[in-house]
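Right, one structure below, let's go through it.
The values are calculated or read from the model by the stated rules, or taken from the named source; none is laboratory data. Given the structure is predicted, the values throughout are model-derived calculations rather than measurements. Cβ atoms come from the backbone with ideal geometry, glycine included; neighbour counts cover every protein chain shown. The area values use the complete protein model at the heavy-atom level, side chains included, leaving out ligands, DNA and RNA. Shrake-Rupley method; radii C 1.70, N 1.55, O 1.52, S 1.80 Å.
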Amino acid sequence: MTGEHVTGQQWTRLVTGVLAPNAGPMTLDGTNSLVLGRPGHGSVVVVDPGPADAGHLERLRSFGDVELILLTHHHRDHTEAAAEFAATTAAPVRALDPALCIGADPLADGEHVEAAGIRLDVIATPGHTHDSVCVHLPHDAALTDPRPGGTMITGDTILGRGTTIVTHPGGSLAAYLDSLDRLAAYGVIPVIPAHGPMLADLAAICRRYAAHRRGRLGELSALLQSLGRAPANDDDLVQAIVDTVYADVDPAIRFAAEASTRAQLEYLAAAPRP
């Protein structure tokens with residue numbers, strides 16, 4: 001893979017981002033499809049090929065022979081093109097969920113994958129969805145600050161802007177908080193998200209995300225107390241909470257606020273009582 005390429009933006013020594021043309025309220029500027037490989041190696045790994053857009057897929061193919069396709073989770077803006085892209089490149093598709101895999105075994109937590117001249121370490125990070133994974137590139141480095149420690153591809157577990165929705169059903173706030181703790185242990189390394197710009201400090205953003213979630217849980221607990229209600233996944237209660245806690249939410253993404261609220265209620269319902 002060449003260091004600079006007309007069809008994408010080189011983010012780190014081993015990663016080039018190719019922005020998909022699917023901008024929207026939930027995808028921000030669009031999905032960042034990622035092309036990974038050692039410079040000059042010839043073959044590449046593509047992470048999250050994204051939407052089934054002919055021009056986008058052609059850009060991804062232009063980097064070299066696609067050796068492997070990885071999916072960070074099952075959401076359509078990451079996976080829609082996977083089967084078509086696999087067919088046109090003859091590359092296998094791997095993901096945590098076996099249902100998404102084509103011609104290969106599912107990824108395993110802690111697995112070390114060798115492809116395109118580089119090493120990729122798989123980290124299961126459930127929370128946003130049950131099948132979310134992050135990928136640590138231990139031998140990668142930022143272009144402007146090449147400190148040791150590698151880089152972290154985070155899918156939707158961490159975004160370049162804003163915060164991540166914990167889907168319900170399918171996601172888990174308890175699992176998400178555990179995943180943030182696990183990622184924070186990797187320290188001050190660059191974050192390569194599936195939406196938005198690259199971030200400089202994985203540990204700091206994990207702490208900020210966790211604090212945000214716990215702050216929301218505090219708001220929700222106080223509201224439930226004022227309403228005299230126990231946490232329960234009740235439609236009327238969810239609507240009342242969203243109207244209060246997310247009063248200024250864009251109607252186009254109200255469904256996301258509702259899903260987040262349900263995930264928080266599930267978390268509080270399972271929490272031990274004092």
**Asked** Which members of region 196-211 meet the condition of being among the hydrophobic types (A, V, I, L, M, F, W, C) and open to solvent by less than 20 Å² (accessible area, probe 1.4 Å)?
**Response** Leu202, Ala203, Ile205, Cys206, Ala210
**Request:** Give Ala83, Ala108, Ala95 a once-over and let me know the one that is out of contact with any strand residue (DSSP E or B) (no Cβ under 6 Å at 6 or more places or on another chain) and closer than 14 Å to Ala194 by Cβ.
**Result:** Ala95
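Which of the residues that make up region 33-44 are crowded, with 19+ Cβ neighbours inside 10 Å and out of contact with any helix residue (DSSP H, G or I) (no Cβ under 7 Å at 6 or more places or on another chain)?
Leu34, Leu36, Gly37, Val44
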**Asked** Can Ala204 be described as touching a residue at least 24 places away in the same chain (Cβ under 8 Å) and part of a helix (DSSP H, G or I)?
**Response** no
**Members of region 179-195 that are hydrophobic (A, V, I, L, M, F, W, C) and either open to solvent by less than 10 Å² (accessible area, probe 1.4 Å) or farther than 12 Å from Ala141 by Cα (or both)** = Leu180, Leu183, Ala184, Ala185, Ile189, Val191, Ile192, Ala194
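Residue by residue, here is whether (1) closer than 15 Å to Val133 by Cα; (2) in contact (Cβ under 8 Å) with a residue 60 or more places away in the chain; (3) open to solvent by 20 Å² or more (accessible area, probe 1.4 Å); (4) hydrophobic (A, V, I, L, M, F, W, C) holds:
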| residue | (1), (2), (3), (4) |
| --- | --- |
| Val46 | yes, no, no, yes |
| Asp53 | no, no, yes, no |
| Gly64 | no, yes, yes, no |
| His74 | yes, no, yes, no |
| Ala82 | no, no, no, yes |
| Phe85 | no, no, no, yes |
**Request:** Give me the pairs, please: first residue somewhere in region 172-197 and at negative phi and aromatic (Phe, Trp, Tyr), second residue anywhere and at pLDDT below 95 and crowded, with 24+ Cβ neighbours inside 10 Å, beta-carbon distance under 7 Å, and either six or more positions apart or on two chains.
**Result:** Tyr176/Val166
**Complete:** Residues of region 107-158 being open to solvent by 20 Å² or more (accessible area, probe 1.4 Å), under 17 Å from Val15 (Cα atoms) and aliphatic (A, V, I, L, M), in sequence order, are Leu143
**Asked** How many of the residues making up region 15-32 are farther than 17 Å from Leu120 by Cα and either buried (at least 23 other Cβ atoms within 10 Å of the Cβ) or in contact (Cβ under 8 Å) with a residue 60 or more places away in the chain (or both)?
**Response** 10
**Message:** Return the residues of region 160-178 that are in contact with a strand residue (DSSP E or B) (Cβ under 7 Å, 6 or more places away or on another chain) and open to solvent by less than 40 Å² (accessible area, probe 1.4 Å); say none if nothing qualifies.
**Reply:** Gly160
**Item:** Residue list for region 229-249, restricted to those being small (Gly, Ala, Ser), open to solvent by less than 70 Å² (accessible area, probe 1.4 Å) and part of a loop (DSSP other than H, G, I, E, B)
**Value:** Ala230, Ala232
